[in-house]
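Asks: I'd like to ask you about the structure that follows.
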Amino acid sequence: MRMPQRFALIGGGFIGQVHAANLAAHPGCELALVCDIDASRAEALARAHGAQAVSVAQALESDAIDAVLIASATPTHAELLARAVRAGKAVYCEKPIDLSLARARDVVATLSPVSVPVTVGFNRRFDHSHQALKAQVKQGAVGMLELIQMVCRASELPPLSYLQASGGQMRDQAIHFFDLLRWLTDDEVVTVGAMGAALAMPAIREFDVDTSVLIMRMQQGALAQLDNARRTAYGYDERISIMGSSGMVASESQAVRGVTRYQNGSITQPGLWPDWFSRVKSTYYAHLDAFVRHLNGEQVGDLPTLHDGLRAQAIAEAAQLSLTRGEFIEVAEVER
(Lines give C-alpha, C1' and ligand atoms only; values in the text may rest on other atoms or scores of the structure.)
Protein backbone atom coordinates (compact mmCIF):
# COMPACT_ATOMS: atom_id res chain seq x y z
CA MET A 1 0.00 0.00 0.00
CA ARG A 2 1.35 3.41 -1.01
CA MET A 3 2.02 5.81 1.86
CA PRO A 4 0.23 9.18 1.69
CA GLN A 5 2.15 12.31 0.69
CA ARG A 6 2.74 14.31 3.87
CA PHE A 7 2.06 18.03 3.37
CA ALA A 8 2.83 21.21 5.24
CA LEU A 9 0.41 24.02 4.44
CA ILE A 10 1.74 27.58 4.62
CA GLY A 11 -1.06 30.16 4.78
CA GLY A 12 -4.35 29.88 6.62
CA GLY A 13 -6.41 32.56 4.88
CA PHE A 14 -9.39 31.89 2.63
CA ILE A 15 -7.56 29.96 -0.07
CA GLY A 16 -5.38 28.25 2.52
CA GLN A 17 -8.52 26.96 4.19
CA VAL A 18 -9.72 25.62 0.84
CA HIS A 19 -6.44 23.78 0.37
CA ALA A 20 -6.50 22.50 3.95
CA ALA A 21 -9.91 20.91 3.42
CA ASN A 22 -8.76 19.30 0.16
CA LEU A 23 -5.53 17.99 1.69
CA ALA A 24 -7.47 16.51 4.60
CA ALA A 25 -10.05 14.92 2.28
CA HIS A 26 -7.63 13.44 -0.27
CA PRO A 27 -6.88 9.75 0.42
CA GLY A 28 -3.36 10.14 -0.94
CA CYS A 29 -2.46 13.06 1.34
CA GLU A 30 -1.84 13.76 4.97
CA LEU A 31 -2.15 17.34 6.15
CA ALA A 32 0.53 17.13 8.83
CA LEU A 33 1.63 20.71 9.55
CA VAL A 34 0.04 24.16 9.25
CA CYS A 35 1.89 27.51 9.32
CA ASP A 36 0.52 31.04 9.29
CA ILE A 37 1.78 34.47 10.27
CA ASP A 38 -1.19 34.52 12.66
CA ALA A 39 -0.39 31.76 15.16
CA SER A 40 -3.96 31.55 16.44
CA ARG A 41 -5.29 31.06 12.91
CA ALA A 42 -2.72 28.33 12.29
CA GLU A 43 -3.72 26.63 15.55
CA ALA A 44 -7.42 26.74 14.69
CA LEU A 45 -6.92 25.39 11.17
CA ALA A 46 -4.57 22.65 12.35
CA ARG A 47 -7.00 21.64 15.08
CA ALA A 48 -9.88 21.44 12.60
CA HIS A 49 -7.99 18.92 10.45
CA GLY A 50 -6.02 16.95 13.00
CA ALA A 51 -2.71 18.58 12.09
CA GLN A 52 -0.04 20.41 14.09
CA ALA A 53 0.62 24.16 14.00
CA VAL A 54 4.32 25.00 13.61
CA SER A 55 6.58 27.76 12.32
CA VAL A 56 7.64 27.86 8.67
CA ALA A 57 11.22 27.00 9.67
CA GLN A 58 10.03 23.97 11.62
CA ALA A 59 7.93 22.79 8.67
CA LEU A 60 10.70 23.12 6.10
CA GLU A 61 13.24 21.42 8.36
CA SER A 62 10.93 18.52 9.20
CA ASP A 63 11.85 15.06 7.90
CA ALA A 64 8.20 14.12 8.35
CA ILE A 65 7.16 16.31 5.39
CA ASP A 66 7.25 15.33 1.71
CA ALA A 67 5.64 18.41 0.17
CA VAL A 68 4.70 22.01 0.88
CA LEU A 69 1.61 23.86 -0.30
CA ILE A 70 2.19 27.62 -0.37
CA ALA A 71 -1.04 29.58 0.03
CA SER A 72 0.30 32.59 1.92
CA ALA A 73 0.26 36.23 0.81
CA THR A 74 1.66 36.76 -2.71
CA PRO A 75 4.75 38.77 -1.62
CA THR A 76 5.95 35.71 0.34
CA HIS A 77 5.63 33.16 -2.50
CA ALA A 78 9.07 33.52 -4.08
CA GLU A 79 11.04 33.26 -0.85
CA LEU A 80 8.99 30.33 0.47
CA LEU A 81 9.22 28.55 -2.88
CA ALA A 82 13.01 28.88 -2.87
CA ARG A 83 13.32 27.71 0.72
CA ALA A 84 11.04 24.71 0.20
CA VAL A 85 12.79 23.57 -2.97
CA ARG A 86 16.22 23.91 -1.35
CA ALA A 87 14.91 21.82 1.54
CA GLY A 88 14.11 19.08 -0.98
CA LYS A 89 10.33 19.37 -0.67
CA ALA A 90 7.88 19.06 -3.55
CA VAL A 91 5.92 22.32 -3.88
CA TYR A 92 2.43 23.38 -4.92
CA CYS A 93 2.68 27.19 -5.05
CA GLU A 94 -0.29 29.47 -5.54
CA LYS A 95 0.08 31.93 -8.40
CA PRO A 96 1.84 34.20 -9.07
CA ILE A 97 5.39 33.24 -8.18
CA ASP A 98 5.96 36.92 -7.34
CA LEU A 99 4.32 40.20 -8.30
CA SER A 100 7.62 41.19 -9.92
CA LEU A 101 8.37 39.24 -13.10
CA ALA A 102 12.09 39.97 -12.68
CA ARG A 103 12.06 38.59 -9.14
CA ALA A 104 10.09 35.52 -10.26
CA ARG A 105 12.54 34.85 -13.09
CA ASP A 106 15.55 35.19 -10.78
CA VAL A 107 14.10 32.74 -8.27
CA VAL A 108 13.19 30.18 -10.94
CA ALA A 109 16.67 30.48 -12.47
CA THR A 110 18.35 29.77 -9.14
CA LEU A 111 16.12 26.74 -8.58
CA SER A 112 16.39 25.22 -12.05
CA PRO A 113 19.37 22.96 -11.17
CA VAL A 114 17.37 21.41 -8.30
CA SER A 115 15.26 18.44 -9.36
CA VAL A 116 12.14 18.82 -7.19
CA PRO A 117 8.52 18.59 -8.43
CA VAL A 118 6.84 22.00 -8.46
CA THR A 119 3.45 23.09 -9.73
CA VAL A 120 1.95 26.60 -9.91
CA GLY A 121 -1.70 27.15 -8.98
CA PHE A 122 -3.38 27.60 -12.34
CA ASN A 123 -6.26 25.40 -11.24
CA ARG A 124 -8.60 26.33 -14.09
CA ARG A 125 -6.74 23.84 -16.28
CA PHE A 126 -8.59 21.22 -14.27
CA ASP A 127 -12.09 22.44 -15.10
CA HIS A 128 -13.87 19.50 -16.77
CA SER A 129 -15.35 21.56 -19.61
CA HIS A 130 -12.04 23.30 -20.34
CA GLN A 131 -10.30 19.92 -20.40
CA ALA A 132 -12.90 18.60 -22.86
CA LEU A 133 -12.26 21.70 -24.97
CA LYS A 134 -8.53 21.01 -24.92
CA ALA A 135 -9.10 17.39 -25.96
CA GLN A 136 -11.26 18.41 -28.92
CA VAL A 137 -8.72 20.96 -30.12
CA LYS A 138 -5.89 18.46 -29.75
CA GLN A 139 -7.86 15.93 -31.80
CA GLY A 140 -8.14 18.47 -34.62
CA ALA A 141 -11.89 19.03 -34.29
CA VAL A 142 -11.68 22.65 -35.51
CA GLY A 143 -8.68 22.43 -37.83
CA MET A 144 -6.19 25.30 -37.90
CA LEU A 145 -6.89 27.69 -35.02
CA GLU A 146 -7.99 31.16 -36.05
CA LEU A 147 -9.95 32.94 -33.29
CA ILE A 148 -10.14 32.36 -29.53
CA GLN A 149 -12.66 34.27 -27.43
CA MET A 150 -12.55 34.18 -23.62
CA VAL A 151 -14.76 35.73 -20.96
CA CYS A 152 -13.93 36.12 -17.26
CA ARG A 153 -16.55 38.12 -15.36
CA ALA A 154 -16.77 37.91 -11.59
CA SER A 155 -20.15 38.42 -9.96
CA GLU A 156 -19.11 40.65 -7.06
CA LEU A 157 -16.33 43.14 -6.44
CA PRO A 158 -13.63 42.01 -4.01
CA PRO A 159 -12.93 44.30 -1.05
CA LEU A 160 -10.92 47.43 -1.79
CA SER A 161 -8.13 46.13 0.47
CA TYR A 162 -7.83 43.02 -1.71
CA LEU A 163 -7.69 45.04 -4.93
CA GLN A 164 -4.99 47.29 -3.48
CA ALA A 165 -2.75 44.28 -2.74
CA SER A 166 -3.66 42.05 -5.70
CA GLY A 167 -1.15 43.40 -8.21
CA GLY A 168 -3.91 44.50 -10.57
CA GLN A 169 -6.50 42.84 -12.79
CA MET A 170 -3.94 41.62 -15.32
CA ARG A 171 -1.75 39.87 -12.73
CA ASP A 172 -4.58 38.65 -10.51
CA GLN A 173 -7.66 37.84 -12.62
CA ALA A 174 -6.66 37.75 -16.28
CA ILE A 175 -3.47 35.75 -15.63
CA HIS A 176 -5.52 32.54 -15.28
CA PHE A 177 -6.75 33.04 -18.82
CA PHE A 178 -3.30 33.83 -20.17
CA ASP A 179 -2.32 30.41 -18.88
CA LEU A 180 -5.47 28.78 -20.29
CA LEU A 181 -4.82 30.38 -23.67
CA ARG A 182 -1.30 28.95 -23.89
CA TRP A 183 -2.41 25.55 -22.61
CA LEU A 184 -5.46 25.22 -24.86
CA THR A 185 -3.66 26.26 -28.03
CA ASP A 186 -0.14 24.87 -27.42
CA ASP A 187 0.97 28.26 -28.67
CA GLU A 188 2.55 31.45 -27.32
CA VAL A 189 1.24 35.02 -27.15
CA VAL A 190 3.55 37.42 -28.99
CA THR A 191 1.59 40.72 -28.94
CA VAL A 192 -0.90 42.16 -26.45
CA GLY A 193 -3.21 45.16 -26.64
CA ALA A 194 -5.29 46.12 -23.59
CA MET A 195 -7.91 48.75 -22.80
CA GLY A 196 -9.44 49.11 -19.36
CA ALA A 197 -11.41 51.36 -17.04
CA ALA A 198 -12.62 51.53 -13.43
CA LEU A 199 -16.35 51.42 -14.11
CA ALA A 200 -17.65 49.31 -11.23
CA MET A 201 -15.40 50.87 -8.54
CA PRO A 202 -14.13 54.32 -9.53
CA ALA A 203 -12.09 54.45 -6.29
CA ILE A 204 -9.46 52.17 -7.84
CA ARG A 205 -8.95 54.35 -10.92
CA GLU A 206 -5.57 55.61 -9.72
CA PHE A 207 -4.01 52.14 -9.51
CA ASP A 208 -6.14 49.58 -11.39
CA VAL A 209 -9.05 48.79 -13.67
CA ASP A 210 -12.05 46.58 -13.02
CA THR A 211 -13.25 46.18 -16.61
CA SER A 212 -10.93 45.39 -19.51
CA VAL A 213 -10.72 44.07 -23.05
CA LEU A 214 -7.59 42.48 -24.52
CA ILE A 215 -6.54 41.48 -28.02
CA MET A 216 -3.64 39.08 -28.49
CA ARG A 217 -1.78 37.67 -31.47
CA MET A 218 -0.45 34.13 -31.19
CA GLN A 219 2.86 32.92 -32.57
CA GLN A 220 1.18 30.61 -35.09
CA GLY A 221 -1.09 33.42 -36.33
CA ALA A 222 -4.37 32.99 -34.44
CA LEU A 223 -6.01 35.98 -32.75
CA ALA A 224 -7.44 35.92 -29.22
CA GLN A 225 -9.78 38.16 -27.27
CA LEU A 226 -10.35 38.29 -23.52
CA ASP A 227 -12.75 40.46 -21.58
CA ASN A 228 -12.55 40.74 -17.80
CA ALA A 229 -14.99 42.25 -15.34
CA ARG A 230 -14.79 42.41 -11.57
CA ARG A 231 -18.59 42.72 -11.22
CA THR A 232 -21.64 41.55 -13.12
CA ALA A 233 -25.31 41.84 -12.22
CA TYR A 234 -26.14 38.27 -13.23
CA GLY A 235 -23.71 35.76 -11.70
CA TYR A 236 -20.26 34.36 -12.44
CA ASP A 237 -19.57 34.14 -16.17
CA GLU A 238 -16.63 32.13 -17.53
CA ARG A 239 -16.54 30.83 -21.11
CA ILE A 240 -14.11 30.07 -23.90
CA SER A 241 -14.71 29.42 -27.58
CA ILE A 242 -12.13 28.33 -30.14
CA MET A 243 -12.84 28.76 -33.85
CA GLY A 244 -10.73 27.15 -36.52
CA SER A 245 -10.71 26.42 -40.24
CA SER A 246 -13.31 23.65 -39.89
CA GLY A 247 -15.59 24.72 -37.04
CA MET A 248 -15.80 25.88 -33.45
CA VAL A 249 -15.82 24.30 -29.99
CA ALA A 250 -16.85 26.07 -26.80
CA SER A 251 -16.70 25.68 -23.04
CA GLU A 252 -19.81 27.60 -22.08
CA SER A 253 -20.93 29.39 -18.93
CA GLN A 254 -22.30 26.84 -16.50
CA ALA A 255 -25.66 26.91 -14.74
CA VAL A 256 -26.27 25.95 -11.13
CA ARG A 257 -29.14 23.72 -12.14
CA GLY A 258 -30.06 22.12 -15.46
CA VAL A 259 -33.81 22.78 -15.69
CA THR A 260 -35.56 25.37 -17.86
CA ARG A 261 -39.14 26.24 -16.84
CA TYR A 262 -41.88 27.13 -19.34
CA GLN A 263 -44.88 28.71 -17.64
CA ASN A 264 -47.48 31.45 -18.15
CA GLY A 265 -46.07 32.63 -21.45
CA SER A 266 -42.50 32.96 -20.15
CA ILE A 267 -39.31 30.87 -20.14
CA THR A 268 -37.08 30.76 -17.06
CA GLN A 269 -33.56 29.63 -17.86
CA PRO A 270 -31.15 28.14 -15.28
CA GLY A 271 -29.11 30.76 -13.44
CA LEU A 272 -25.32 30.97 -13.38
CA TRP A 273 -23.15 30.19 -10.38
CA PRO A 274 -23.43 33.06 -7.88
CA ASP A 275 -19.67 33.62 -7.54
CA TRP A 276 -16.29 32.54 -8.93
CA PHE A 277 -15.48 30.15 -6.10
CA SER A 278 -18.70 28.16 -6.47
CA ARG A 279 -17.86 27.70 -10.13
CA VAL A 280 -14.21 26.66 -9.76
CA LYS A 281 -14.16 25.02 -6.30
CA SER A 282 -13.76 21.48 -7.66
CA THR A 283 -10.73 22.47 -9.76
CA TYR A 284 -8.61 23.04 -6.64
CA TYR A 285 -9.11 19.44 -5.57
CA ALA A 286 -8.55 18.19 -9.13
CA HIS A 287 -5.25 20.08 -9.36
CA LEU A 288 -4.13 18.69 -6.00
CA ASP A 289 -5.09 15.19 -7.11
CA ALA A 290 -3.06 15.54 -10.31
CA PHE A 291 -0.05 16.77 -8.34
CA VAL A 292 -0.27 13.86 -5.88
CA ARG A 293 -0.50 11.39 -8.77
CA HIS A 294 2.56 13.05 -10.29
CA LEU A 295 4.44 12.68 -7.00
CA ASN A 296 3.50 9.01 -7.06
CA GLY A 297 5.12 8.55 -10.47
CA GLU A 298 2.17 8.98 -12.85
CA GLN A 299 2.51 10.96 -16.06
CA VAL A 300 0.25 14.03 -15.68
CA GLY A 301 0.38 16.29 -18.72
CA ASP A 302 -1.72 19.21 -17.49
CA LEU A 303 0.32 20.25 -14.46
CA PRO A 304 1.33 23.93 -14.67
CA THR A 305 5.08 24.29 -14.19
CA LEU A 306 7.34 27.13 -13.09
CA HIS A 307 7.93 27.85 -16.79
CA ASP A 308 4.16 28.15 -17.29
CA GLY A 309 4.01 30.53 -14.34
CA LEU A 310 6.66 32.76 -15.89
CA ARG A 311 5.06 32.71 -19.35
CA ALA A 312 1.61 33.67 -18.05
CA GLN A 313 3.13 36.42 -15.93
CA ALA A 314 5.07 37.81 -18.88
CA ILE A 315 1.77 38.16 -20.79
CA ALA A 316 0.25 39.86 -17.74
CA GLU A 317 3.16 42.31 -17.58
CA ALA A 318 2.81 43.10 -21.28
CA ALA A 319 -0.93 43.64 -20.80
CA GLN A 320 -0.30 45.96 -17.85
CA LEU A 321 2.21 47.92 -19.92
CA SER A 322 -0.32 48.16 -22.73
CA LEU A 323 -2.90 49.59 -20.32
CA THR A 324 -0.38 52.20 -19.19
CA ARG A 325 0.93 53.19 -22.62
CA GLY A 326 -2.22 52.77 -24.67
CA GLU A 327 -0.44 50.76 -27.36
CA PHE A 328 0.24 47.18 -28.42
CA ILE A 329 3.15 45.57 -26.58
CA GLU A 330 5.38 42.74 -27.70
CA VAL A 331 5.65 40.14 -24.92
CA ALA A 332 9.35 39.83 -25.72
CA GLU A 333 9.77 43.46 -24.60
CA VAL A 334 9.02 42.61 -20.97
CA GLU A 335 11.24 39.53 -21.05
CA ARG A 336 14.46 41.38 -21.95
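The values are calculated or read from the model by the stated rules, or taken from the named source; none is laboratory data. Not measured: the values here are computed from a predicted model. As a convention, Cβ positions derive from the backbone with ideal geometry for all residues, glycine included, and neighbour counts pool all protein chains shown. For accessibility, only protein heavy atoms count, side chains too; no ligands or nucleic acids. Shrake-Rupley method; radii C 1.70, N 1.55, O 1.52, S 1.80 Å.
Asks: Quick check on region 73-81. Is at least one of its residues of a type in the set (Asp, Glu), at pLDDT 95 or above and open to solvent by less than 70 Å² (accessible area, probe 1.4 Å)?
Replies: no
Asks: So which strands (runs of 3 or more DSSP E) stay within region 206-297 end to end and still have 3 or more residues that are open to solvent by 60 Å² or more (accessible area, probe 1.4 Å) and modelled with pLDDT under 95?
Replies: 261-263
Asks: Moving on to the next point. Tell me yes or no: at least one residue of region 193-203 is closer than 24 Å to ASP308 by Cβ, open to solvent by less than 70 Å² (accessible area, probe 1.4 Å) and more than 19 Å from the chain's Cα centre (by Cα).
Replies: Checked against the condition, which is being closer than 24 Å to ASP308 by Cβ, open to solvent by less than 70 Å² (accessible area, probe 1.4 Å) and more than 19 Å from the chain's Cα centre (by Cα), region 193-203 yields at least one hit.
Asks: Another question about this same structure. Can you tell me how many residues in region 88-110 are over 19 Å from GLY11 (Cβ atoms) and of a type in the set (A, V, I, L, M)?
Replies: Total meeting the criteria: 4.
Asks: Looking at region 97-110, which of its residues are open to solvent by 10 Å² or more (accessible area, probe 1.4 Å) and out of contact with any Pro (no Cβ under 8 Å at 6 or more places or on another chain)?
Replies: Result: SER100, LEU101, ALA102, ARG103, ARG105, ASP106, VAL108, ALA109, THR110.
Asks: Related question: Looking at (1) without any contact (Cβ under 8 Å) to a residue 60 or more places away in the chain; (2) within 24 Å of LEU145 (Cα to Cα); (3) hydroxyl-bearing (Ser, Thr, Tyr), which is the only condition THR260 fails?
Replies: Tallying (1) without any contact (Cβ under 8 Å) to a residue 60 or more places away in the chain; (2) within 24 Å of LEU145 (Cα to Cα); (3) hydroxyl-bearing (Ser, Thr, Tyr), THR260 fails exactly one: (2).
Asks: So, one more: Would you confirm whether any residue within region 133-145 is without any contact (Cβ under 8 Å) to a residue 40 or more places away in the chain, under 19 Å from the mean Cα position of the chain (by Cα) and surrounded by fewer than 17 Cβ atoms within 10 Å (Cβ to Cβ)?
Replies: No, because not a single residue in region 133-145 is without any contact (Cβ under 8 Å) to a residue 40 or more places away in the chain, under 19 Å from the mean Cα position of the chain (by Cα) and surrounded by fewer than 17 Cβ atoms within 10 Å (Cβ to Cβ).
Asks: Right, another one. Being closer than 14 Å to THR119 by Cβ and at pLDDT below 95 is the requirement here; does ASP302 meet it?
Replies: So ASP302 passes the test.
Asks: Going through region 3-15 one residue at a time, which ones are closer than 15 Å to ARG41 by Cβ and surrounded by fewer than 24 Cβ atoms within 10 Å (Cβ to Cβ)?
Replies: Result: GLY13, PHE14, ILE15.
Asks: Continuing with this model, one more query. If you go through region 165-190, how many residues are open to solvent by 10 Å² or more (accessible area, probe 1.4 Å), outside any loop (DSSP other than H, G, I, E, B) and not polar (S, T, N, Q)?
Replies: 7
Asks: Now for a different question. So if I check each of ALA42, ALA48, which one is touching a Gly at 6+ places or on another chain (Cβ under 8 Å) and more than 23 Å from SER112 (Cβ to Cβ)?
Replies: ALA42
Asks: Restricting to region 311-336, and then to whatever is among the small types (Gly, Ala, Ser) and either open to solvent by 60 Å² or more (accessible area, probe 1.4 Å) or farther than 17 Å from SER166 by Cβ (or both), can you tell me which residue is farthest from the chain's Cα centre (by Cα)?
Replies: Among those that are among the small types (Gly, Ala, Ser) and either open to solvent by 60 Å² or more (accessible area, probe 1.4 Å) or farther than 17 Å from SER166 by Cβ (or both), it is GLY326.
Asks: Here's a follow-up. Can you tell me which of (1) more than 28 Å from GLN136 (Cβ to Cβ); (2) touching a helix residue (DSSP H, G or I) at 6+ places or on another chain (Cβ under 9 Å) is the one ALA200 doesn't meet?
Replies: (2)
Asks: Take the residues of region 16-35 that are of a type in the set (A, V, I, L, M, F, W, C) and out of contact with any Leu (no Cβ under 8 Å at 6 or more places or on another chain): which is farthest from GLY121 (Cα to Cα)?
Replies: This residue is ALA32.
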